[in-house]
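Here's the structure, in structure tokens; my notes come after.
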Amino acid sequence: MEVLRWQNHLHPVLAAAMILLLAVWLIVLYRRQRTNRSLKQTLLLLAPKILIVLLLVLAYFDPVRSVIQRPKRDKKILVLVDSSSSMDCEDDASMSRVERAEKLSKHLNQELRSVIDVETLYFDDDVRDNKNNDPIRSTDLGKCLVTIADKAKSSDYFSAVVLTDGGDEVIQNPKLSDMPLYVTSVGRDPDSWNDLAVAQVDAPAIVEQSGAFEVSTDILARFTSRDFVLNVPMVRVQLEADRQGEWQVIESKYVQSDASKSRVKFSLKAPSEPGLKTYRVQVENIEGELSPLNNVRQFNVDVRTDTLHVLFFAQELGWDFSMIRKELARDPSVELTSLFRVSAQRFVVQGSRQKGDEQLEAGFPASKEVLDLFKCVIVGSFGASQWTEEQFKALLDYVRDGGAVVFLGGESSFGSGGYDRTAIEPLFPWRLSGAQSTFQIGQFAVSVPAMALSNSIVEETAKIISSLDSVTVESVNVEGPLKSGAVALLEASVSGRSVPLVAIQRYGQGQVMAVATNTLWKWCRASEELSEAYGAFWRQTAKNMTDWEEGQRFIAVKWDQEKYNPGEDALATISVAGRHDTGQLRLKAQMNLDGQATPISVEPVMGRTNTFTAKLNFSRSAQYLFELDALEGDQVLESYEKTILVGTGLNEGANLEVDHAFLNSLAAQAGGRYFREGEFENLIGTLRSRILGRVVSMEIPLIEDKCIYIFIFIGILILEWIVRRRMNLL
């Protein structure tokens, strides 16, 4: 569409005067030529001048041509249609999800084909060339997005539209392309379904080799009429294990089919072989239900040769609690359970859970059997009056039979906390006296006694302390002398004399450590060296106190994420205990996938002693095995390995319900918007508005448009020259 607009650069009176002068000039020329020439000759001579005058008037009014140009069809809209088995669900009376998605795709093409081209692909088949004849078609939404981001050029596509019922698992930090992503969910609300489903499965992520653990799940029943379940009053629920590619039934139970929610628990023993093991819970399929896909829920359990379970009990949260928990959580071989009081009768349990630890929700265990679930117990600073005699007895019996306990210092610890003359007084490595015990605040120099230099708990810490000019703590519990058999691992200088800061002793078959300060955590903020000493002290305390031999004594690996999606990079930060000469320590790493090993580069971190990083890329959904060897010369100090499951661990169709919140977040992260199935017309309107928003409005002055004005001017001059030549006027 074009619009012509005139521009006047002079006052209208002056413009009229100029036009009048040009007209008078033409009249004067006409009369002068007419005196000695015929009318035809006069008009021929005057015509070029009239045209020149008209061009001058045209140039003066400077007409501008406004042109509105529609966008070029140089971009396309990419429509991605989910082709997974869950899309075959007929949750609508008229057609299945995939049929409705195809209908929406065709409707989008019809509505927008006049302004833009639409390309339709099915994922995973078209996007990842993943055509197969498997009865269950799994779709990896995360990998599909990665493939689109890698292959699709944003210069070729205006935007992408995804028609899907969502993935079975929420994708964290997906890799997205530069083009906006619009998501439309395809799936009805479950209120109208006739369906049985296995809901969330509760199982420990890590179990000990040959240890007992518990799996529990909820069986959900949805039905619009009771006719759906009347013929089958009871349905079978069974737990199965993957044994070399074949599913083996471990245990079966029955639940009522008409119950909206049934809780089922299974008790089983972990395999004797370590590694990542796959299990599934399956509920019997009833004729007429929506889909059998969500009758199965698959999950993974990491079986380890040995796991160090630690219980950390505190009556209130503090910096010592937070820092110790942080350091122990860095060690992959330690499973930490935190228990702390939030009110007089309420306790909170966080971290690793085990079968049989339900009593923790009522406070510190009053039975030795619960404490036996843990190989080490760390007790915070609080008064003896907050214990019960049953709890005292349980802790005493636990240590006597081989358990390990660590008491933390503070204003309410040891003698200051009233622990003299209590049932657990024999556990403390020093003599308690309420009258003589004090808690002092100041700057107290820390040293390592000569007899403790070779102790594995403080060996690494001692090396770091000895290399520094001054190491201090800001508080000390001053108690009585050490008991016979107790050993001081660290000492503090108080008023010119050395007092035990950290001491250890055996009691029965177990061990007890006491830490006579609540400011050791400040080492983490003092310097990098002291932070390393603090972490080494607590990791070695947990392992050596329990005589724990398996796992990583020298290597600590920290991963930047707990879970990874296809296409993401993983960064592993590796710390190796001990002081090593430059070039003496060597790390060798590799990643195994489908039996093929790929070397991984391990790079030192500038400015940090014995700290390295390894970067891995997970190209697709699979189980990856990361292996690491720490070598000093030709001697292997220690080996570390970790199985990493990339992508969803759930089976196809485990969650048939549309996760609207996840899809909305996904679209927002990709710069687009989310629409439900019934809002598809709004999506078309949004895309149309964006496309038409690319319309360009241009103003082109006629006297500058493609030099036409100049060519006309020159043409007139040539025409006048020809006329004059023929009239012999040159």
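Between the listed residues TYR624, PHE299, SER412, the Cα displaced farthest toward the positive end of the dipole of the chain, a dipole computed from Cβ unit charges relative to the Cα centre, is found at TYR624.
Mind putting a number on the dipole of region 314-438 about its Cα centre? Charges go on the C-beta only, +1 for Lys and Arg and -1 for Asp and Glu, and I need it in Debye to the nearest 20.
140
When GLU369, GLU287 are arranged by Cβ crowding within 10 Å, least crowded first, meaning fewest neighbours, the order is GLU287, GLU369. When PHE223, PHE713 are sorted by how many other C-beta atoms sit within 10 angstrom of their C-beta, beginning with the fewest, the order is PHE713, PHE223.
The structure-derived value of Rg and Dmax of the Cα atoms in Å appears in the list [x] 30.0, 96; [y] 25.4, 78; [z] 40.6, 145 under the label [z]. Shape of region 192-304 from the C-alpha gyration tensor: prolate (a/c of 1.5 or more and a/b above b/c, with a ≥ b ≥ c the square roots of its eigenvalues). Here the residues HIS107, HIS11, HIS309, ranked from fewest to most Cβ neighbours within 10 Å of their Cβ, fall in the order HIS11, HIS107, HIS309. In debye, nearest 20, what is the charge dipole magnitude of region 236-324 about its Cα centre with +1 on Lys and Arg Cβ and -1 on Asp and Glu Cβ, if you could check? It works out to roughly 180 debye. Of the cross-linked pairs LYS375/LYS615; LYS103/LYS261; LYS326/LYS355; LYS277/LYS375, those separated by over 32 Å at the C-alpha level are LYS375/LYS615; LYS103/LYS261.
Relative to the longest principal axis of the Cα atoms of the chain, the long axis of helix 528-545 makes an angle of roughly 50 degrees.
Where the centre of each part is set by its Cα atoms, how far does region 591-632 sit from region 409-452, in angstrom? Between the Cα centres of region 591-632 and region 409-452 lies a distance of 45 Å. Which loop-located GluC sites (Glu not before Pro) does region 605-644 contain, where loop means any DSSP state but H, G, I, E or B and the Cβ has at most 14 other Cβ atoms within 10 Å? Here no loop site has a sparse enough neighbourhood. Anisotropy class assigned to region 308-545 is prolate, per the alpha carbon gyration tensor with a/c at or over the 1.5 cut-off and a/b larger than b/c.
For the chain, the share of DSSP beta bridges that are antiparallel, to the nearest 5, is 70%. Across the options PHE312, GLY685, ILE219, the greatest Cα extent toward the positive end of the charge dipole of the chain (unit charges at beta carbon of Lys, Arg, Asp, Glu) belongs to GLY685. The spacing between region 459-521 and region 373-397, judged by their C-alpha centroids, is 21 Å. Relative to the longest principal axis of the Cα atoms of the chain, the long axis of helix 389-400 lies at roughly 80 degrees. Which of rounded, prolate or oblate describes region 308-398 when judged by the alpha-carbon gyration tensor and an a/c cut-off of 1.5? The shape class here is oblate. Going toward the positive end of the dipole of the chain, with +1 on Lys and Arg Cβ and -1 on Asp and Glu Cβ, which of SER38, PHE364, PRO233 do you reach last? Towards the positive end, the residue furthest out is SER38. Summarising the label geometry, the points placed 7 Å from Cα in the beta-carbon direction at TYR254 and ALA668 lie 4.8 nm from one another.
Dipole magnitude for region 555-646: about 200 debye, using +1 per Lys or Arg Cβ and -1 per Asp or Glu Cβ, origin at the Cα centre. The distance separating the Cα centre of region 646-692 from that of region 327-359 comes to 38 Å.
Bear in mind that the values in this text are calculations on the coordinates, not laboratory data. The shown structure was predicted, so the numbers you read here are calculated from the model rather than taken from an experiment. A quick note on method: Cβ atoms are made from the backbone with ideal geometry, for glycine too, and the neighbour counts reach across all protein chains shown.
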